[in-house]
Amino acid sequence: MASLAARNGGSRRDQRPLKKRLADASAPYLYSAPALILIVTVMLVPLVLGISYAFRDIQLLNPFSGGFIGLDHFKTLSQDQNFYRALKNTLWWTGWSVLLQFVFGLILALLLDKPFYGRAIVQALVFLPWAVPSFLAGLNWAWLFNPVVGPIPHWLFALGLMSEPYNILSDPQLSMWGPIIANVWWGIPFFAITLLAALQAIPRDLYEAASIDGAGPVQRFISITLPFLAPTIAITVLLRTVWISNFADLIIVMTNGGPADRSQIVASYIFTQAFKRLDFGYASAIALVLLVLLITYSMLIVVLRQWLLSKD
Amino acid sequence: MASIDIAAIHKSYGIHPVLHGIDLEIKDGEFVVLVGPSGCGKSTLLRMIAGLEAVTDGEIRIDGKRVNDLAPKDRDIAMVFQSYALYPHMSVAKNMSYSLRLRKTAKEKIASVVASAATKLGLDPLMERRPKALSGGQRQRVAMGRAIVREPKAFLFDEPLSNLDARLREQMRAEIKKLHQDLGATSIYVTHDQIEAMTLADRIVAMHGGIIQQVGSPLELYDNPANLFVAGFIGSPGMNFFEGRYLATGDTANFALTGGIVLPLGGTAKLADGSRATLGIRPEHVILGAEGPDTMMATVDLVEPTGFGIIVHLKLGPVAFKAFTLDRRFLGMHGEVAVKLPVPNLHFFNEEGRKV
Ligand SMILES: Nc1ncnc2c1ncn2[C@@H]1O[C@H](COP(=O)(O)OP(=O)(O)OP(=O)(O)O)[C@@H](O)[C@H]1O
Ligand SMILES: [Mg+2]
């Protein structure tokens, strides 16, 4: 019965007038068109426009700019020492920030995993830095490092780590560390909370079985905790790496890339080019390079993940 | 192999007492089964022996040595968990050899011990699999294998078979018994299952409300329960209880049920005349279709064939009780039947619930 009906339906469809057939075929596209148009406008148009800037001479203060200049920006960029320094700084900034955030976040998560009195309150407090707006955190740390209003230089001086209380943000050798420390403080909760959630999902009886099997705390950590955390660690570290390498707020607020571009990362360099020197074309060219680098990195990660999954 | 002494053990979680003074001596090589209703503290006691729970008061000795403050890893005991607690990221072989690797045992020794345990448990073809690729029964075997490779001083089992289906449970039960006969290791086994307790145990420890009710061989507990709790807990279908008053009238006493019916006892018990008491009889001891003196007429409520035998639900006035018989004549029974409660099989419990 059913197949008969379907066959009848099929033969009847062929006999419909052309107009009706066209209308039927296009209906799904017409229904989804508004959403598609919206998505394309919101996502793709700015991206394409931004990319097109990279090949044009766009300077806000120069009314005669705007012409197509091909790869000129990229030629300049390949000789721009500041850009290479910013690239190196980006590695430095991302590497240390992620590493320290992860290590402290993991330690904090392990501590919070043990039951103690008032744990719920402490867990809530740990979230606090995450809730502070990044520019506020940056300002706050900038003041803390400032010997005129902040205590940190005086403490370091008292400990004998500094010959005199000065601002490390104005020291070309050390200025990068100011934003890194602020970033670590700001980003620990992210790792602590995600790792804590993963820790609490580990069945307790595995630890009990391991301790009966003869494992001490360190061996239990290595043979149970780490394998269970590994997927979470991989994902969070990778996501944070992309996020932090793009994250210029703290640097802009605390050092503005200075002194003498010593704490400039690529993202803050783009910001400086675009909004200080108002050279949108050049900024877009740098942004395009950063985009390509991050996409390459992300693809590597995806491939790595696939490989790890297939191995298991 | 070792003996385990448990002396005046108390356990409280915060202010909630769970165990109230447990005394138990387990001899070297003995198989002891802990039974009791849910929440009576069996797992707690087992975990204290393993070192997973702190002892609130009292002393645990393994081989005469006090272990209260010893970490689990230093007690040299093995435990099989209800959930099996297999390491999910390790293969079966790695799971089984984990304890030996931690002890830095020689590679060849590990290989031979694990291989022989695997053969014993029929795990040979599965050694490279992860636990998630195993069936429940296979996981159970791996958990057993992980325990036996170490040749520990004692085995602790916390309801190891309760996640298996009935057929598999029967099979594993026999295997555990065989393993125990082979290894002769001291074992403490927690279970809910009557049959597991009866078939495996050298001695059964019946617990209730954090107190040991009776310790003895399976048949001792079955034939001679020390109190109402043990009488009711051991055996399936459970013992019948009749509450009432004991009336001594010379040589043949009577038992007046609360409902008003008087049972002729045809003998006497060590109870004071007129005292409240409980009379117990196992369903298989109730004689159906009895003749002669001291029989009573009971109403048939329900007949349950189990295949092996027949459980008959009866009513004596308002008092319900059960009889168990192998005689298939009673399958189609209805109406009234003459029953007899033979005196040698009666159990009397005084007002405090103690057997007299
Ligand atoms: N960590 C804990 N904190 C507080 N109370 C607990 C804790 N663990 C167990 N208890 C309580 O101790 C009592 C005994 O628990 P236990 O797990 O020993 O029971 P059990 O005899 O093993 O029961 P079951 O047969 O259901 O496994 C229970 O009343 C339980 O609520
Ligand atoms: Mg239990």
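Look at (1) touching a Leu at 6+ places or on another chain (Cβ under 6 Å); (2) closer than 30 Å to B:Arg146 by Cα and you find that A:Gly150 fails only one, number (2). So, in region B:254-297, of the ones that are in contact with an Asp or Glu (Cβ under 8 Å, 6 or more places away or on another chain), without any contact (Cβ under 8 Å) to a residue 60 or more places away in the chain and crowded, with 16+ Cβ neighbours inside 10 Å, which residue ends up nearest to B:Asn227 (Cα to Cα)? In this case the residue turns out to be B:Pro264. How many residues does region A:206-221 contain that are surrounded by 17 or more Cβ atoms within 10 Å (Cβ to Cβ) and either more than 10 Å from chain B (Cβ to nearest Cβ) or in a helix (DSSP H, G or I) (or both)? Here the count works out to 10.
Looking at the structure I just gave you, is A:Leu174 in a helix (DSSP H, G or I), more than 14 Å from chain B (Cβ to nearest Cβ), surrounded by fewer than 20 Cβ atoms within 10 Å (Cβ to Cβ) and not acidic (Asp, Glu)? So A:Leu174 does not fit the description; no. Determine whether A:Trp307 is under 21 Å from A:Trp186 (Cβ atoms) and either crowded, with 17+ Cβ neighbours inside 10 Å or not aliphatic (A, V, I, L, M) (or both). For A:Trp307, the condition - under 21 Å from A:Trp186 (Cβ atoms) and either crowded, with 17+ Cβ neighbours inside 10 Å or not aliphatic (A, V, I, L, M) (or both) - is not met. Among the residues of region A:222-236, those that are facing another protein chain (nearest Cβ under 10 Å) and farther than 21 Å from B:Thr105 by Cα comprise A:Leu226, A:Pro227, A:Phe228, A:Ala230.
Keeping to region B:342-356, report how many residues are buried (at least 17 other Cβ atoms within 10 Å of the Cβ) and assigned to a strand (DSSP E or B). Matching residues across region B:342-356 total 4. Considered as a group, the residues in region B:41-66 that are surrounded by fewer than 22 Cβ atoms within 10 Å (Cβ to Cβ) and in a loop (DSSP other than H, G, I, E, B) include one that is farthest from the other protein chains (Cβ to nearest Cβ), and that residue is B:Gly64. Counting only helices (runs of 4 or more DSSP H) that sit completely within region A:222-306, those holding 2 or more residues that are touching a residue at least 12 places away in the same chain (Cβ under 8 Å) and more than 30 Å from A:Gln173 (Cβ to Cβ) correspond to A:226-245. Just to be sure I understand, how many residues within region B:28-54 are touching a residue at least 60 places away in the same chain (Cβ under 8 Å) and either small (Gly, Ala, Ser) or more than 16 Å from ligand 2 (Cβ to nearest atom) (or both)? Residues that pass the stated criteria total 9. Condition first: without any contact (Cβ under 8 Å) to a residue 12 or more places away in the chain and either β-branched (Val, Ile, Thr) or within 14 Å of ligand 1 (Cβ to nearest atom) (or both). Can you find one or more residues in region B:18-26 that meet it? No, there is no match, as no residue in region B:18-26 is without any contact (Cβ under 8 Å) to a residue 12 or more places away in the chain and either β-branched (Val, Ile, Thr) or within 14 Å of ligand 1 (Cβ to nearest atom) (or both). Among the residues of region B:101-113, the one identified as facing chain A (nearest Cβ under 9 Å) and not in a loop (DSSP other than H, G, I, E, B) is B:Leu102. Checked against the criterion of being of a type in the set (A, V, I, L, M, F, W, C) and over 17 Å from B:Glu336 (Cβ atoms), the candidates B:Val303, B:Val262 yield just one match: B:Val262.
Return yes or no: is A:Gly105 in contact with a Pro (Cβ under 9 Å, 6 or more places away or on another chain) and farther than 30 Å from A:Ile222 by Cα?
No: the conditions fail for A:Gly105.
Only a single criterion out of (1) modelled with pLDDT of 90 or more; (2) surrounded by 17 or more Cβ atoms within 10 Å (Cβ to Cβ) is not satisfied by A:Leu77, namely (1). Out of the residues in region B:302-340 meeting the condition of being more than 23 Å from B:Pro264 (Cβ to Cβ) and of a type in the set (Asp, Glu), tell me which one is surrounded by the fewest Cβ atoms within 10 Å (Cβ to Cβ). Among residues in region B:302-340 that are more than 23 Å from B:Pro264 (Cβ to Cβ) and of a type in the set (Asp, Glu), the one surrounded by the fewest Cβ atoms within 10 Å (Cβ to Cβ) is B:Asp327. Of everything in region B:80-129 that is touching a strand residue (DSSP E or B) at 6+ places or on another chain (Cβ under 8 Å) and under 12 Å from B:Val142 (Cα atoms), the residue that is surrounded by the fewest Cβ atoms within 10 Å (Cβ to Cβ) is B:Phe81. Restricting B:Val215, B:Val286 to those that are hydrophobic (A, V, I, L, M, F, W, C) and closer than 27 Å to B:His10 by Cα reduces the list to B:Val215. Within region B:72-85, not a single residue is within 16 Å of ligand 1 (Cβ to nearest atom) and of a type in the set (D, E, K, R). When B:Asp158 is tested against the conditions (1) acidic (Asp, Glu); (2) more than 16 Å from ligand 1 (Cβ to nearest atom); (3) in contact with a Phe, Trp or Tyr (Cβ under 7 Å, 6 or more places away or on another chain), the lone failure is (2).
In region B:135-241, counting only helices (runs of 4 or more DSSP H) that sit wholly within it, none holds 3 or more residues that are assigned by TED's automatic domain parsing to the domain that holds B:Leu34, of a type in the set (S, T, N, Q) and in contact (Cβ under 8 Å) with a residue 12 or more places away in the chain. Quick one: which residue in B:Ala154, B:Ala71, B:Ala147 is buried (at least 21 other Cβ atoms within 10 Å of the Cβ), facing chain A (nearest Cβ under 10 Å) and away from ligand 2 (no atom under 16 Å from the Cβ)? None of the others qualify; the one that does is B:Ala147. When the residues of region B:74-100 are filtered to those that are touching a Lys or Arg at 6+ places or on another chain (Cβ under 6 Å) and part of a helix (DSSP H, G or I), the one that is farthest from the other protein chains (Cβ to nearest Cβ) is B:Val92.
Taking the condition away from chain A (no Cβ under 14 Å) and surrounded by 20 or more Cβ atoms within 10 Å (Cβ to Cβ), does B:Leu19 pass? In short, yes.
Return the residue satisfying two criteria in turn: it lies in region B:130-144 and is more than 25 Å from B:Gln181 (Cα to Cα) and more than 13 Å from chain A (Cβ to nearest Cβ), and of such residues it is surrounded by the fewest Cβ atoms within 10 Å (Cβ to Cβ).
B:Ser135
If we scan region B:114-134, do we find a residue that is under 26 Å from B:Glu25 (Cα atoms) and either within 16 Å of ligand 2 (Cβ to nearest atom) or of a type in the set (Ser, Thr, Tyr) (or both)? No, region B:114-134 contains no residue that is under 26 Å from B:Glu25 (Cα atoms) and either within 16 Å of ligand 2 (Cβ to nearest atom) or of a type in the set (Ser, Thr, Tyr) (or both). Residue-level analysis places A:Ile244 among those that are closer than 19 Å to A:Ile181 by Cβ and either modelled with pLDDT of 90 or more or within 12 Å of another protein chain (Cβ to nearest Cβ) (or both).
The values are calculated or read from the model by the stated rules, or taken from the named source; none is laboratory data. Remember, it's a predicted structure, so these values are computed and weren't measured experimentally. Positions of Cβ are generated from backbone atoms using ideal geometry, with glycine treated the same way; all protein chains shown enter the neighbour counts.
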